[in-house]
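Participant: First the structure, which I've put down as structure tokens, then a few questions once you've had a look.
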Amino acid sequence: MALKSLPRIRVDFNELVDSDLVLLAKTNLVICEDGRKLTLQAGLSVIAYEYNEYADGTAEYLYVQGCAERNDPTLNGEWTRNAQWCCRFSGGVQSSGSRI
């Protein structure tokens, strides 16, 4: 599936659970970058992204392509309990100066 057609969901990469897992959402229903409402399901391909703009004007777009999976706090840690969904990815967090 082409990257441009995948739903894009904003995340905080400070909430990495593991090197291949980031917290994705607290609820089943999320708002995508384009404003669409999306009901998450296990196995759904998504782009998880974080956009930062710094005081010097530098822009940073961090992203991963992965699949939604239910969060399991017994495996992922008690601190993840508020999240219902995670994004499992491979290849590490990518960085770009603009939206991909």
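Participant: Rounded to the nearest 5, what % of DSSP beta bridges with both residues in region 3-96 are antiparallel? Can you show the working numbers first?
Facilitator: On the way: 26 of 29 bridges.
Percentage antiparallel, nearest 5: 90.
Participant: Here's another thing I want to ask about it. At a threshold of 8 angstrom on Cα-Cα distance, excluding pairs fewer than six apart, so keeping six or more, what relative contact order does the chain reach in percent?
Facilitator: On the way: 207 pairs, mean separation 30.9, N = 100.
So the answer I get is 31 percent.
Participant: Subtract the Cα-Cα distance of ASN76 and LYS4 from 0.36 nm times their separation in residues, and report this length gain in nm to one decimal.
Facilitator: Details: separation 72, 0.36 × 72 = 25.92 nm, distance 2.98 nm.
Net length gain for the segment: 22.9 nm.
Participant: Putting +1 on Lys and Arg Cβ atoms and -1 on Asp and Glu Cβ atoms, find which of VAL93, LEU29, THR80 reaches farthest to the positive end of the dipole of region 22-100.
Facilitator: LEU29
Participant: Now, a different point. Toward the positive end of the charge dipole of the chain, about the Cα centre and with charges on Cβ (Lys, Arg +1; Asp, Glu -1), which of PRO7, GLY66, TYR51 goes farthest?
Facilitator: The residue sitting farthest along the positive end of the dipole is PRO7.
Participant: Another question, if that's okay. How much of the pair distance distribution for the chain lies past 21 Å, counting alpha-carbon pairs only, in percent?
Facilitator: Values: 1481 of 4950 pairs.
More than 21 Å apart: 30 percent of the Cα pairs in the chain.
Computed from the coordinates by the stated procedures, all read-outs in this text should not be read as laboratory data. This one's a predicted model, so the numbers in the text were calculated from it and none came from an experiment. Note that each Cβ is placed from the backbone with ideal geometry, even for glycine, and that neighbours are counted across all protein chains shown.
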